[in-house]
Structures are given as structure tokens and as C-alpha cells.
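Input: a single structure, listed below in C-alpha cells.
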Amino acid sequence: MRECYESYNYILDPHGSVGYGAWKRYTRENGSSVGVILETAHPSKFIDEVESTLKTEVEIPDRLANLRERTKKAVQMTPTFKNLKDYLLGSH
């Protein structure tokens, strides 16, 4: 995460930094290559870890900051496809 930020001024989330590290390793072992690293989370999702690693402030986009005000909803269920399907289809 730190290397990417220092080299490219790009902030990866922790999962993206694993992909970046794998690409760097591949490049070392196989020669120069072009890589694409796809991330599924904004770095602000892991704000404490990212800010402490990079020693910089992470900006939280408005569309994500608005979610902080919402109440988390969790539904417990046994981990079966049928239970998930029933829940999603509203037949619970």
C-alpha cells in the first residue's frame, strides 16, 4: 500500500494492495509486465488501517459519508442457499 502511494500517489485499499503486491512479485519473477488491479472497496472503508499505514488523511466521498449515518441491519440465518433465497424473495 505504501509503495503504491509513494510511487504513484494512489491510495489502495488493503485488498487492492495484496493484488498490487502479487503483480509486483510476478513482474520481478517474469520480467516487465502490464498489470490491472481491480478493487472492490474504497480506501475509506478501512480508514484507520490506511491512514495509519500511509500517514495521510483519506478523503471520504459524500456518497460514502452519507452511509455512516445509516443504521446497520443484520439478519441472522442458518447458512443455506434456501434460507438466503427465501429471505431475498421476501418469503421469510
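Brief remarks on what is shown
- Number of residues in segment 19-56 that are free of Cβ contacts under 8 Å to residues at least 24 places away in the same chain and open to solvent by less than 100 Å² (accessible area, probe 1.4 Å) equals 15.
- Among the residues of segment 1-18, those identified as open to solvent by less than 100 Å² (accessible area, probe 1.4 Å) and among the acidic types (Asp, Glu) are GLU3, ASP13.
- Listed by first and then second residue, the pairs linking a residue in segment 70-91 that is small (Gly, Ala, Ser) to a residue that is in a helix (DSSP H, G or I) and at pLDDT 90 or above, with Cβ atoms under 9 Å apart and 6 or more places separating them unless they lie on different chains, are SER91/LYS85.
- Residue within segment 37-46 that is assigned to a loop (DSSP other than H, G, I, E, B), at pLDDT 95 or above and not hydrophobic (A, V, I, L, M, F, W, C) present: no
- Test: residue in segment 19-31 that is in a loop (DSSP other than H, G, I, E, B) and either touching a Cys at 6+ places or on another chain (Cβ under 8 Å) or at pLDDT below 95 (or both): yes
The values are calculated or read from the model by the stated rules, or taken from the named source; none is laboratory data. None of the values given here were measured: they were computed from a predicted structure. Note: ideal-geometry Cβ built from the backbone for every residue, glycine included; neighbour counts use all protein chains shown. Side chains included, ligands, DNA and RNA excluded: accessible areas come from the protein's heavy atoms. Shrake-Rupley method; radii C 1.70, N 1.55, O 1.52, S 1.80 Å.
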